[in-house]
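The values are calculated or read from the model by the stated rules, or taken from the named source; none is laboratory data. All values reported here derive from a predicted model rather than from experimental measurement. Because the Cβ atoms are built from the backbone with ideal geometry, glycine has one as well, and the counts that use them run over all protein chains shown.
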Amino acid sequence: MSISKEQLEQSFRGKAYVELKDLVQLIEDNFGFNVTLQRKDEPAFTDEQKKRMTSVIFKDEDVLSQLRQAKYDRENGISTYSDSEEEFAQLLKEVQND
């Protein structure tokens, strides 16, 4: 999928500036996509969504098993989770509280 330079120039003929909405319209008209825009600095998920996902993840037996194995490995000198003992301990504490 592409637009030729001529098509692009024709689409924006007579405009001193091309606005973002014009580019979106061009993409939608020529490629059949619905385009939505989101600021980069906005979180992708709300706090409520993050809480629900975290709850689901840490109720998954496979995840819990991996954390148990990581704890066992760390206690035996094999660090595979993080270089920070504090971060790892905090994660385990949060999981045990759920």
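Does ALA70 satisfy being assigned to a loop (DSSP other than H, G, I, E, B) and either in contact with a His (Cβ under 6 Å, 6 or more places away or on another chain) or closer than 30 Å to LEU91 by Cβ (or both)? Walk me through it before giving the result.
Working: assigned to a loop (DSSP other than H, G, I, E, B): no; either in contact with a His (Cβ under 6 Å, 6 or more places away or on another chain) or closer than 30 Å to LEU91 by Cβ (or both): yes.
In short, no.
Restricting the search to the stretch 1-35, which residues are exposed (fewer than 10 other Cβ atoms within 10 Å of the Cβ) and among the aliphatic types (A, V, I, L, M)?
Residues satisfying the conditions are MET1, ALA16, LEU20.
Of the residues that sit in the stretch 50-67 and are assigned to a helix (DSSP H, G or I) and charged (D, E, K, R), which one is farthest from the chain's Cα centre (by Cα)? Walk me through how you get there before you give the answer.
We begin by selecting, within the stretch 50-67, every residue assigned to a helix (DSSP H, G or I); these are 50-57, 61-67.
Now narrow it down to the ones that are charged (D, E, K, R): 50-52, 61-62.
Working: LYS50: 11, LYS51: 15, ARG52: 15, GLU61: 23, ASP62: 22 Å.
Once the filter is applied, the top-ranked residue is GLU61.
If we scan the stretch 32-49, do we find a residue that is assigned to a loop (DSSP other than H, G, I, E, B), aromatic (Phe, Trp, Tyr) and more than 25 Å from the chain's Cα centre (by Cα)?
no
Would a scan of the stretch 17-27 turn up a residue that is part of a helix (DSSP H, G or I), charged (D, E, K, R) and within 30 Å of GLN96 (Cα to Cα)?
No, because not a single residue in the stretch 17-27 is part of a helix (DSSP H, G or I), charged (D, E, K, R) and within 30 Å of GLN96 (Cα to Cα).
Results for (1) modelled with pLDDT of 80 or more; (2) surrounded by 10 or more Cβ atoms within 10 Å (Cβ to Cβ); (3) more than 30 Å from VAL24 (Cα to Cα), shown as yes or no for each residue.
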site	(1), (2), (3)
LEU37	yes, no, no
GLU42	no, no, no
ILE57	yes, yes, yes
GLN69	yes, yes, yes
ARG74	no, yes, yes
GLU86	no, no, yes
LEU91	no, yes, yes
VAL95	no, yes, yes
